[in-house]
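A short reminder: the numbers here are calculations on the coordinates, not readings from a lab. What you see is a predicted model; the values in this text were computed from it and never measured. Using ideal geometry, Cβ is built from the backbone for each residue, glycine included, and neighbour counts are taken over all protein chains shown.
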Amino acid sequence: MKDITLTISGMSCGHCLNAVNQAIRSVPGVEIRSVRIGRADLRVPDADGAGELVKAAIEEAGYKVDGLVPG
């Protein structure tokens, strides 16, 4: 497992937090450390592309991932 931090735009309320949490939970093997407005700290499998799967799920939910930083 590896830690990553995502910066996310378009989040402004509790509904947004719930939607992003649900999107992240849809990706197998991902552990949520914390989700706050504008940011998510996660642990993802070491497999290449795991972060991109999370990014795609969040963007499919209607939010934009502005950055993905290994942590």
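Summary of computed values
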read-out	value
More than 20 angstrom apart: percent of Cα pairs within segment 2-70	13 percent
Folded to 0 to 90 degrees: helix 50-60 orientation relative to the chain principal axis, Cα	20 degrees
MRE, 222 nm, helices only [DSSP H, n ≥ 4, -39500 (n - 2.57), over the chain, to nearest 500]	-10000 deg cm²/dmol
Positive-end residue of Ile32, Gly14, Pro45, charge dipole of the chain with Cβ unit charges	Gly14
